[in-house]
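See structure below.
The values are calculated or read from the model by the stated rules, or taken from the named source; none is laboratory data. Remember, it's a predicted structure, so these values are computed and weren't measured experimentally. Reconstructed Cβ throughout: ideal geometry from the backbone, glycine too, with neighbour counts over all protein chains shown.
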Amino acid sequence: MESVEKLEWDSEFFGISIARLRSVGQPIAALSTQLRALKRQDYRLVYWLSPTLELPSDRELTELGGVLVDLRATYSRECVQASGGEIAHNSKVEALERVIVTPALRSLALQAGVYSRFRKDPRIGRNNFEALYTRWIESSVSGDFADAVFVARSSGVEVAMITVRCRERIGSIGLFAVDPSQQKQGLGAELLNAALEYFCLHGCDIAEVVTQLENRAACRLYEHCGYSLKKVERVYHFWL
């Protein structure tokens with residue numbers, strides 16, 4: 001069967017009823033039946049997630065009307081406390097203290113979503129994508145979506161940032177971006193180190209981050225910083 005979850009936040013934000021399905025091995029006919037049932041319940045968009053090796057095939061899902069929008073890669077590593085118990089990061093990296101979203105932070109948030117399924121799905125639209133990631137950084141800075149935000153600045157302007165959250169001893173990375181002009185200078189690794197130290201200092205056992213398999217640069221950086229690939233899921237959007 002398919003595990004169904006109504007997504008209240010997504011539904012409110014986009015103004016349509018949205019659900020998420022997680023596959024547990026159901027054949028294509030059952031998925032088709034489930035989608036028809038959700039349509040009768042006035043759902044208009046369904047996110048479908050499945051392990052990459054699990055049936056149905058991509059061809060069958062496409063024929064059913066699904067659009068492959070992401071190969072969702074989850075990376076994780078153990079939290080290891082640095083000696084001395086202090087955040088051992090580059091002096092350019094600091095915790096954001098002001099509850100202000102600058103234009104530079106908004107730009108970094110949009111960059112964090114370049115490979116996002118919300119950017120890749122043409123029916124979402126550029127305006128909705130930008131509004132979504134703007135809301136994400138605003139809610140992270142305010143403390144609703146994140147417990148802390150770390151940034152690096154150049155000439156007083158944010159050029160890199162990472163948002164972090166701790167729940168049930170798991171530390172999660174949300175938005176993460178380095179301005180193209182500042183890449184290949186080690187800032188990404190420094191931000192990840194600051195995030196890891198934050199998780200360790202706040203009692204987390206595991207650090208976790210979700211990215212897109214297509215974002216090879218991010219995947220390489222996570223692996224370089226000690227993260228291991230735990231799972232990859234296909235993500236389809238079904239518009240009903």
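The figures follow:
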quantity	calculated
Residue within region 187-194 that is farther than 22 Å from Tyr115 by Cβ, assigned by TED's automatic domain parsing to the domain that holds Thr102 and among the polar types (S, T, N, Q) present	yes
Single residue of Ala207, Ala218, Ala194 found to be in contact with a helix residue (DSSP H, G or I) (Cβ under 8 Å, 6 or more places away or on another chain) and either buried (at least 21 other Cβ atoms within 10 Å of the Cβ) or within 17 Å of Val159 (Cα to Cα) (or both)	Ala207
Selection count where residues are over 19 Å from the mean Cα position of the chain (by Cα) and closer than 16 Å to Arg106 by Cα, scope region 155-180	5
Single unsatisfied condition, Cys166 versus (1) without any contact (Cβ under 8 Å) to a residue 40 or more places away in the chain; (2) in a loop (DSSP other than H, G, I, E, B)	(2)
Selected residue [touching a residue at least 40 places away in the same chain (Cβ under 8 Å) and either touching a helix residue (DSSP H, G or I) at 6+ places or on another chain (Cβ under 8 Å) or in a helix (DSSP H, G or I) (or both)] from Phe145, Phe129, Phe150	Phe150
Top-ranked residue in region 1-33 [being in a helix (DSSP H, G or I) and in contact with a strand residue (DSSP E or B) (Cβ under 8 Å, 6 or more places away or on another chain); ranked as modelled with the lowest pLDDT]	Ala30
Cβ-Cβ under 6 Å pairs, at least 6 apart or on other chains, region 94-116 side in a helix (DSSP H, G or I), far side surrounded by 15 or more Cβ atoms within 10 Å (Cβ to Cβ) and of a type in the set (A, V, I, L, M)	Leu105/Ile137; Leu108/Met161; Leu108/Ala177; Ala109/Ile137; Ala109/Leu175; Gln111/Ala177; Ala112/Leu175; Ala112/Ala177
Subset of region 37-67 [at pLDDT 95 or above, surrounded by fewer than 16 Cβ atoms within 10 Å (Cβ to Cβ) and not in a loop (DSSP other than H, G, I, E, B)]	Lys39, Arg40
Criterion (of a type in the set (D, E, K, R) and at pLDDT below 95) met by exactly one of Glu233, Glu138, Glu208	Glu233
